[in-house]
Amino acid sequence: MAEKTKAPKPSKAETLTRLWQIAPMMVTGTPHGKALGFRFVSVDIAAGTIALPYNVKFIGDKKTRVMAGGAVTALLDQTCGLAAMSAFETLSSVATLDLRIDYMRAASPGEDIIAEARCYKATRNVAFIRAIAHDGDPDDPVASAQAIFMTTPSGNRDYMKPMKDSTEGKS
Amino acid sequence: MSKPVNPPITMEAVKTRLAQMPYAEVLGVEPMLKDGELTLRLPYHDDLIGNPVLPAMHGGAVSAFMEITAILQLALTGDSARLPRTVGINIDFLRRGHPKDCFARACIVRQGRRVANMRVSAWQDDIEKPITALHGNFMISQDD
């Protein structure tokens, strides 16, 4: 543990490659994400997109056949988490600290819902994220979200460099 | 407060309303009624996990559960066939959700004609130690 493995900061290309390896697993490998049928769409540094295919099982009100707000909430939470994860320098796992969601309109029955999240600021352990959910037209969103995520305690495990020394030397 | 007192909540009414929400059935939400006070139970199952390593419940799953609790509580105080709709909610994650049953109770802070302000608390072992708290506004659907 004493050896000073000063891992050089990975290049943007390296980070992106790693993100694209991890992100699909993070989205579809999460039990709740799997249960809801989340579909990984894309990931970028500090951004992520996930789709929720329309499913009659997740209708919130039989009278309207609109997908439950809760399913959209879970989708936005997951997408914000993806953006948070990809924003931290070390790709650690994250947990929601605060989530605010505004529902602008009912989603169209039958349409998939797409959530796009962007992290606009990340400190060492905290990420601030904004996201929207839409059913085809990003300019006519179904819902918007604002979230704060933190790295989880076990999160100092760096997925980017699994063998990284945890003692960050001050040169 | 000169508002008319709402009729007591019956288990039958709760079940009718819950049957209207397929998503609540998928989550496995179960109602519990005591002294006219409604508590919802979210029985643990593996599909609710968000982080299998910790493990921790999915924030979205608990949020959805609290949203259902709020909508159900509000629906039981009105007679609209359509369920209330969420306008805006704020969720604070206070503690990690462990892989075990979760409970939630909602209260109507203020009910207007069109909008109701609600608070929901969700807990696992100890009601005094909530794992998440929700507050937000819900639109009361008008039948038209």
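The values are calculated or read from the model by the stated rules, or taken from the named source; none is laboratory data. All figures in this text were calculated on a predicted structure; none of them were measured in a lab. Note: ideal-geometry Cβ built from the backbone for every residue, glycine included; neighbour counts use all protein chains shown.
As an exercise: evaluate residue A:93 against (1) farther than 24 Å from residue B:97 by Cβ; (2) at pLDDT below 90; (3) within 12 Å of the chain's Cα centre (by Cα) and give the number of the one condition it does not meet.
With (1) farther than 24 Å from residue B:97 by Cβ; (2) at pLDDT below 90; (3) within 12 Å of the chain's Cα centre (by Cα) applied to residue A:93, the lone miss is (1).
Which residue out of B:27, B:38 is in contact (Cβ under 8 Å) with a residue 40 or more places away in the chain, in contact with a strand residue (DSSP E or B) (Cβ under 9 Å, 6 or more places away or on another chain) and under 26 Å from residue A:107 (Cα atoms)?
Working: B:38 fails: under 26 Å from residue A:107 (Cα atoms).
Testing whether each residue is in contact (Cβ under 8 Å) with a residue 40 or more places away in the chain, in contact with a strand residue (DSSP E or B) (Cβ under 9 Å, 6 or more places away or on another chain) and under 26 Å from residue A:107 (Cα atoms) leaves just B:27.
Please specify each residue of the range B:70-116 satisfying the condition of being among the polar types (S, T, N, Q), at the interface with another protein chain (Cβ under 10 Å from one of its Cβ atoms) and either within 22 Å of residue A:99 (Cα to Cα) or surrounded by 23 or more Cβ atoms within 10 Å (Cβ to Cβ) (or both). Outline the logic, then answer.
Of the residues in the range B:70-116, the ones among the polar types (S, T, N, Q) are B:73, B:77, B:80, B:86, B:90, B:111.
Those left that are additionally at the interface with another protein chain (Cβ under 10 Å from one of its Cβ atoms): B:80, B:86, B:90.
Within the range B:70-116, B:86, B:90 qualify.
When you go through (1) in contact (Cβ under 8 Å) with a residue 40 or more places away in the chain; (2) within 18 Å of the chain's Cα centre (by Cα); (3) within 18 Å of residue A:51 (Cβ to Cβ) one by one for residue A:109, which number turns out not to apply?
Single failed check for residue A:109: (2).
Taking the stated definitions as given, is residue A:122 in contact (Cβ under 8 Å) with a residue 12 or more places away in the chain and touching a Cys at 6+ places or on another chain (Cβ under 7 Å)?
Numbers: in contact (Cβ under 8 Å) with a residue 12 or more places away in the chain: yes; touching a Cys at 6+ places or on another chain (Cβ under 7 Å): no.
Answer is no for this residue.
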